[in-house]
Amino acid sequence: LASPLTYAAPTTFVHLFEWNWQDIANECETFLGPKGYAAVQVSPPNEHIVGSQWWTRYQPVSYQIQSRGGDRAAFANMVNRCQAVGVDIYVDAVINHMAAGSGVGVAGNSFTTKQFPIYSPQDFHETCAINSEDYGNNPWRVQHCELVGLADLNTASNYVQDTLARFLNDLVSLGVKGMRLDASKHMPSGDIASILAKVNGSPLIFQEVIDQGSEAVSASEYFNNGLVTEFKYSTELGRTFKAGKLAWLSQFGEAWGMMPSYNAVVFVDNHDNQRGHGGAGNVVTFADGKLYELANVFMLAYPYGYPKVMSSYNFHHDTDAGGPTQSVHQNGLINCTADGWQCEHRKDMIAGAVDFRNNTSAAWQVNHWWDNGNNQIAFARGAEGFVAINRESSPMQASVQTGLAAGQYCDVLSGRLSSDKQQCSGEVITVSNEGLTALNVSGMNAIAIHKNSRL
Ligand code: LAG
Ligand code: CA
């Protein structure tokens, strides 16, 4: 098995959905850098239509770096400050389409149907709608017609490719290290390849392709351009955590019909499926409380794909009406409870599980799988780490093999080891000379220990 990333650590990125550039810079310095997050996926940074809804960001008006997130100077400042603490910035690049209808953008540019400062009608495909049945049987319409009425760019044209490459190169020149290519399924893979051939450097590319297994356009068509989102991971994990048995998960990944691990970007939920958009499915979200934390612990402990932690904004109880009105960081304090911000990435269990993944990435394998046939599971990552997850209300009590050397270990999900390795602010787990531990994990809880959390 190969990891999707060629470097060992860090191993996880976070989507700070709708966070503004100043908040993200603050978050890199105060939390993400110190906790070992690799990168942040930011909301689209270029000019979008005016409006308060979150989804206005997915209707581009121009490629000026000016958005609800902030202006160009604030964006550049964020990239530099995050880079200084070891955190990369990945941009959500909306390149399949432009805004629908007519209106005005947040940088003041006006547009009418298929007529923008940088594009005219000849740069777009002919108008036709993508119908729901097209997803199953008509790849041409999926890629050449309009996604929810958005003006569909002719990504085969040289002018469009050059214009898009100029936008992406501008981002690269500002220090951006990766890109999520929005709506990739709606662009022929070859068009994306032609655009990327004009992009400088080698930014990490991940393509958003929703493929639940029965689509006319399949995720595998995009492997040669970079990583691809594995939406089956999200829906299957949701199904299992909500209504199945964790014992099923011992072979989670390729054996479940998913793409090879090294091609995949995975997530418990994303900004679309958590609110019933974009493929949806019965996914686990912040609204599920502890269950959500446990699902993230599994994703982060289990060696499959490049994981993305979701950090959400509850837009007025999941309707599409709202948008953010307040900064997350205010007067030196973080406000993760007001105005809809959720900050899942700051939960002890989730941030602790990132630490676990970072410290076990050398052993890209599962060993000593244990389950009770139901909803209690445990496994080791070579001799690097060990995790136990209890999705039952009763305690998990068993003597199991950890694969670790004998000693006392600090559970990184409930606390942390002091820098002199003398103290653990969380639970201490004992491993015997035989590598065994006597588990006693309370209901709806988990523990994780690794070679570098030994007292
Ligand atoms: C994506 N990936 O392929 C984004 O992850 C997803 O969030 C985007 O849809 C979509 N593709 C286009 O980039 C979002 C909302 C849509 C919204 C769209 C454009 O989920 O609901 O559509 O952004 O703003 C909205 C209205 C539609 C309307 C459309 C055009 O909701 O009713 O037809 O705008 O005016
Ligand atoms: Ca298209």
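Averaging sequence separations of C-alpha pairs under 8 Å and six or more residues apart, then dividing by the length of the chain, give the relative contact order as a whole percent.
Details: 1032 pairs, mean separation 61.5, N = 455.
Answer for the chain is 14 percent.
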Estimated vicinal HN-Hα couplings, Hz - the range 289-300 in sequence order (Karplus 6.51, -1.76, 1.60; Gly, Pro = x): x, 4, 4, 5, 4, 5, 5, 5, 4, 4, 4, 6
Stretch in the chain that is longest and holds no GluC sites (Glu not before Pro) that DSSP places in a loop and that have at most 10 other beta carbons within 10 Å: 134-433
With eigenvalues of the C-alpha gyration tensor scaled by 5 and rooted, the range 35-93, Å: 23, 12, 8
Neighbourhood charge, 10 Å Cβ-Cβ cut-off, centred on TRP248 and excluding it, Lys, Arg +1 and Asp, Glu -1: 0
Charge dipole of the chain about the Cα centre (unit charges at C-beta), most positive-ward option of PHE206, PHE386, MET444: PHE386
log₁₀ of I(q)/I(0) at q = 0.10 Å⁻¹ - the chain, Debye sum with one point per alpha carbon: -0.72
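Indicate the gyration tensor shape class of the range 252-363 (rounded, prolate or oblate), computed on the Cα atoms with a ≥ b ≥ c the square roots of the eigenvalues: a/c under 1.5 is rounded; otherwise a/b larger than b/c is prolate and the rest oblate. Before the final figure, lay out each step's value.
Working: a/c = 2.48, a/b = 1.44, b/c = 1.72.
Because a/c hits 1.5 or more and a/b fails to exceed b/c, the range 252-363 counts as oblate.
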Segment GLU392-CYS336, extension gain: residue separation times 0.36 nm, minus the distance between their alpha carbons: 17.4 nm
Per-residue ³J(HN,Hα) for the range 242-259, Karplus 6.51 cos²θ - 1.76 cosθ + 1.60, θ = phi - 60°, Hz, x for Gly and Pro: 7, 9, x, 10, 4, 4, 5, 7, 4, 10, 4, x, 3, 5, 9, x, 8, 5
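Would you mind counting up the charge near HIS144? Only other residues with Cβ under 15 Å from its Cβ, with Lys and Arg at +1 and Asp and Glu at -1.
On the way: positive: LYS114, ARG141, LYS185; negative: ASP123, GLU126, ASP134, GLU146, ASP152, ASP191.
Net charge in that neighbourhood comes out at -3.
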Neighbourhood net charge (13 Å Cβ-Cβ; Lys/Arg +1, Asp/Glu -1) for ASN80: +1
Theoretical FRET efficiency, 1/(1+(r/R0)^6), r = Cβ-Cβ of THR325 and ALA73, R0 22 Å, to 0.05: 0.45
Point-to-point label distance, ALA197-SER218, nm (Cα→Cβ direction, 7 Å offset): 2.5 nm
All-pairs Cα distance distribution in the range 138-265, expressed in whole percent, bin size 5 Å: 2, 10, 18, 19, 17, 13, 9, 6, 4, 1, 0
The chain: angle of helix 72-84 to the longest principal axis, Cα-based, in degrees nearest 10: 30 degrees
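With the cut-off at 27 Å, tell me which of the pairs LYS35/LYS451; LYS245/LYS308; LYS242/LYS308; LYS198/LYS232 have Cα atoms farther apart than that. Don't skip to the end; give the middle numbers.
Numbers: LYS35/LYS451 17 Å; LYS245/LYS308 23 Å; LYS242/LYS308 20 Å; LYS198/LYS232 31 Å.
The pairs that break the limit, which is 27 Å between Cα atoms, are LYS198/LYS232.
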Distance between modelled label sites at SER157 and SER399, nm, 7 Å Cα→Cβ extension: 7.3 nm
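Per-residue ellipticity at 222 nm for the chain, helices alone: DSSP H runs ≥ 4 residues times -39500 (n - 2.57), over residue total, nearest 500 deg cm²/dmol? Mind dumping the intermediate values first?
Values: 9 runs with 92 residues, N = 455.
Computed mean residue ellipticity for the chain: -6000 deg cm²/dmol.
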Amide H contacts under 5 Å for MET396, placed H, 5+ residues apart: VAL441, SER442
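Where both partners of a DSSP beta bridge lie in the chain, what percent of those bridges are antiparallel, to the nearest 5?
On the way: 39 of 65 bridges.
Beta bridges within the chain, antiparallel portion: roughly 60 percent.
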Euclidean distance of C-alpha centroids, the range 179-252 and the range 281-315, integer Å: 17 Å
Under 5 Å, built H, 5+ apart or other chain: amide partners of VAL309: PHE13, VAL14, HIS15
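On alpha-carbon atoms, Rg over Rh for the range 367-453 using Kirkwood Rh?
Values: Rg = 12.2 Å, Rh = 12.8 Å.
Using only Cα positions, Rg/Rh for the range 367-453 is 0.95.
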Karplus 3J(HN,Hα) series, Hz, for the range 441-447 with 6.51 cos²θ - 1.76 cosθ + 1.60 (x for Gly, Pro): 9, 5, x, 6, 9, 8, 9
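Taken together, the values in this text are just the output of simple stated rules run on the coordinates, not laboratory data. Keep in mind that this is a model prediction, so the values were computed, not measured. We place every Cβ from the backbone using ideal geometry, glycine too, and count neighbours over all the protein chains shown.
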